[in-house]
Amino acid sequence: MAAALDRVAAASRTRPAGDAAASEVRDDLLRPAAGPGTPWPRACARAGEADLLLAVGSSLSSSRPAGLVRVAAEAGARIVIINASPTPYDRVADALIREPIGTVLPALTGAVPAV
């Protein structure tokens, strides 16, 4: 796990602070919405601009979360999947972490320098 956390930390340093493509954590991203100002199109646009996408605790079997991984991967982003079980997108991941997210996330936030 330490090597994977090192790769995530290194990737996180490629974006300047305040970058417009920085992620937003939004509960409504998975709800259907339409139009350019709604969360889903914004999430897709940001996934396409990202250098790094973390897929945390998702089976990626639902089309919306999986779609963000696909968009980011096709745009050349690094993909890190943190999930207890395999996902259909494991083959495109730069790093797979099969540890409990309650263990990984505190370690990850401690490994990534504040921006």
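The values are calculated or read from the model by the stated rules, or taken from the named source; none is laboratory data. Note that the structure is predicted; figures quoted are calculated from it, not measured. So basically every Cβ, Gly included, is an ideal-geometry build from the backbone, and we count neighbours across all protein chains shown.
I need the full set of residues from segment 56-105 which are within 24 Å of PRO39 (Cα to Cα) and basic (Lys, Arg), in order please.
Once the filter is applied, which keeps residues that are within 24 Å of PRO39 (Cα to Cα) and basic (Lys, Arg), segment 56-105 yields ARG64, ARG70, ARG78.
Within segment 57-72, can you find the residues that are at positive phi and touching a Cys at 6+ places or on another chain (Cβ under 9 Å)?
none
Output the number of residues of segment 71-93 satisfying the condition of being in contact with a strand residue (DSSP E or B) (Cβ under 7 Å, 6 or more places away or on another chain), assigned to a helix (DSSP H, G or I) and not charged (D, E, K, R).
3
Which residue out of ALA75, ALA84 is surrounded by fewer than 15 Cβ atoms within 10 Å (Cβ to Cβ), among the small types (Gly, Ala, Ser) and under 13 Å from GLY48 (Cα atoms)?
The match here is ALA75.
Within segment 14-31, is there a residue that is at pLDDT 60 or above and part of a loop (DSSP other than H, G, I, E, B)?
Scanning segment 14-31 turns up no residue that is at pLDDT 60 or above and part of a loop (DSSP other than H, G, I, E, B).
Of these, LEU68, LEU96, which one is surrounded by 12 or more Cβ atoms within 10 Å (Cβ to Cβ) and assigned to a helix (DSSP H, G or I)?
Just one listed residue meets the conditions, LEU68.
Of the residues that sit in segment 70-87 and are touching a helix residue (DSSP H, G or I) at 6+ places or on another chain (Cβ under 7 Å) and not small (Gly, Ala, Ser), which one is farthest from ALA47 (Cα to Cα)?
ILE82
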